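Asks: Structure incoming, see below.
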Amino acid sequence: MKRAIIFAVLCVLLTRSESFGGIARGTAESAWRKITEADDFRMTPIIYDDDSEPNAYVKFQDEENFTFHVTAGLLKILETEDEIAGVLGHEIGHVRLGHYANMILTDTAQTLMNTNADNIDPLALEIGRIDSELREMRFSRQQETEADDYGVKLLRKAGFNVWGLYNAMKRFDDNGYTSGQSGFNSHPSSHERLSHLADMAGKFQPRKKSQHDSVNELADILMGK
Amino acid sequence: MKKFLLTVIIFAMAVPSVAGVKHFGPLSVEVPKGWTASQQGSATVIKSLRSNASVTVAVNPMGEASLGEIAGRLCEQMNGHDLERDSEGDYTFLFTNHAGAGCFALLTDAEDGRYILLSASGVDSCSNNECSEIEAVIDSLEWNE
């Protein structure tokens, strides 16, 4: 009987935890408007990629012309406007901090790899996956950290919860999208990045546990994590 | 591979007909008849009719990196090989693109905070005519700034 109750509680908690996920494009648009206003950044439309991998990135035509991209996978795993604002603030940071040379380099690499795309066997090659991997290595770890710092400061300036970017990164972690330290992925590891983001956000505001955090924490305890 | 490309470029005999001159940023290029030119991000891609040969040109900012660092990074990203620096300080390397075509890339310093990237694809499988057209496209490149 006791086991049955624990099992039932566990099922409810896990189901509830999953049901929190997902934000609408309207939420992303609202965050984008507020975050660009706070940074006096040129408002360009967000382009939504139909890609299940959670990601956001800037694609450059040249130093002055660029587009911001958000994938369907990202909207699916985030839960609040603060979180998408944090991710977008991070991307603005890359532009503001002059990381475009690396971005353009990777965009050019993608173009070079796809120049004869008409002749590619669609069944034999996974361009999307490879391009996605290329996008991941656009920046050095230091540049990612700099963009994270910029994103947190921008969250504060725009009046969002300064923990938004931390929470967004946590969603990646919770959903199994951890970044590694080798191969194509040059980001700092999730643990390293979350730790740094917590230090940065904590300077401005102590973290309050959300209901979602409490539920997840309890679920972790029950699961023996 | 590199020697093969150079041989192709140097000894190609046919003289291709030209459809027109296209201007892309600081560069202009003569596009052979039947080829197409398009802008893809910062790069200009000129492709043959069957899309199995192409020339790509990009003029990009150096940022804080040296030309050697940029060439190394680009070569690594595309699983390239035979990265070399020539006596004039230009960098070359070879890679295979997603269509399986053999490609050659050259990076040179524009000496104004930018670098020029020139790449040719399909160099190991182009017909005689296409190879001579690749050569003609490269020869026709002009810097107009």
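Asks: Treating the beta-carbon of each Lys and Arg as +1 and of each Asp and Glu as -1, no other charges, what is the dipole magnitude of chain B about its Cα centre, to the nearest 20 debye? Display every interim value, and only then the final one.
Replies: Working: 9 positive and 19 negative charges, 131 e Å.
Dipole of chain B, to the nearest 20 debye: 620 debye.
Asks: Please report the buried accessible area for the interface of A with B, total over both chains, probe 1.4 Å, in Å² to the nearest 100.
Replies: On the way: alone 12530 and 8090 Å², together 18110 Å².
Counting protein atoms only, the buried area is about 2500 Å².
Asks: Let me ask you something else. Within the set A:Lys76/A:Lys157; A:Lys157/A:Lys203; A:Lys76/A:Lys153; A:Lys153/A:Lys208, which residue pairs have Cα atoms separated by over 22 Å? Numbers along the way, then the final one.
Replies: Numbers: A:Lys76/A:Lys157 26 Å; A:Lys157/A:Lys203 14 Å; A:Lys76/A:Lys153 25 Å; A:Lys153/A:Lys208 18 Å.
Long pairs (Cα-Cα over 22 Å): A:Lys76/A:Lys157; A:Lys76/A:Lys153.
Asks: Keeping every protein chain present and rolling a 1.4 Å probe, give me the accessible area per residue for chain B in Å². Write down the numbers at each step before the final one.
Replies: Numbers: 6850 Å² over 145 residues.
So chain B comes to 47 Å² accessible per residue, rounded to a whole number.
Asks: Now, a different point. Could you run the Karplus curve 6.51 cos²θ - 1.76 cosθ + 1.60 with θ = phi - 60° over region A:57-65 and give me ³J(HN,Hα) per residue in whole Hz, x for Gly and Pro?
Replies: Values, residue by residue: 7, 10, 10, 9, 8, 7, 4, 9, 10 Hz.
Asks: If you don't mind, another one. Please state the shape class of chain B: rounded when a/c is under 1.5, otherwise prolate if a/b exceeds b/c and oblate if not, all from the C-alpha gyration tensor.
Replies: Values: a/c = 1.71, a/b = 1.26, b/c = 1.36.
Oblate is the answer for chain B, as a/c is 1.5 or above yet b/c matches or exceeds a/b.
Asks: Further question: Hey, what do the phi angles of region A:91-108 turn into as Karplus ³J(HN,Hα) couplings, whole Hz, using 6.51/-1.76/1.60 and θ = phi - 60°, x for Gly and Pro?
Replies: Along region A:91-108, the couplings run 5, 4, x, 4, 5, 4, 8, x, 7, 4, 4, 5, 5, 4, 4, 6, 4, 5 Hz.
Asks: Can you list residues whose amide H is under 5 Å from A:Leu78's amide H, if they're 5+ apart or on another chain and H is modeled 1.01 Å from N?
Replies: Here the answer is A:Gly22, A:Ile23, since their amide H atoms fall under 5 Å of that of A:Leu78.
Asks: Additional query: I need the phi-derived Karplus couplings for region B:133-138: 6.51 cos²θ - 1.76 cosθ + 1.60, θ = phi - 60°, integer Hz, Gly and Pro marked x.
Replies: Each residue's phi maps through the Karplus curve to give 6, 4, 4, 5, 4, 4 Hz.
Asks: Would you be so kind as to list the residues of region B:67-82 that have their accessible area lowered by at least 30 Å² in the full protein complex compared with their chain by itself (1.4 Å probe)?
Replies: Listed in order, they are B:Arg73, B:Leu74, B:Gln77, B:Met78.
Asks: Continuing with this model, one more query. Count the net charge of all other residues whose Cβ sits under 12 Å from the Cβ of B:Pro26, scoring Lys and Arg as +1 and Asp and Glu as -1. It would help to have the intermediate numbers written out before the result.
Replies: Details: positive: B:Arg114; negative: A:Asp62, B:Asp112, B:Glu142, B:Glu145.
Net of charged neighbours comes to -3.
Asks: Around B:Tyr115, which amide H atoms from residues at least 5 apart in sequence, or from another chain, sit under 5 Å from its own amide H, with H modelled in the peptide plane?
Replies: B:Asn60, B:Met62, B:Ala110
Asks: Under the rule of at least 5 residues apart or a separate chain, name every residue whose amide H is placed under 5 Å from the amide H of A:Gln61.
Replies: Result for A:Gln61 returns A:Phe66, A:Thr67.
The values are calculated or read from the model by the stated rules, or taken from the named source; none is laboratory data. This one's a predicted model, so the numbers in the text were calculated from it and none came from an experiment. Cβ sites come from the backbone with ideal geometry, for glycine too, and all protein chains shown count toward neighbours. To get the accessible areas, we keep the full protein, side chains included, count just its heavy atoms, and leave off ligands, DNA and RNA. Shrake-Rupley method; radii C 1.70, N 1.55, O 1.52, S 1.80 Å.
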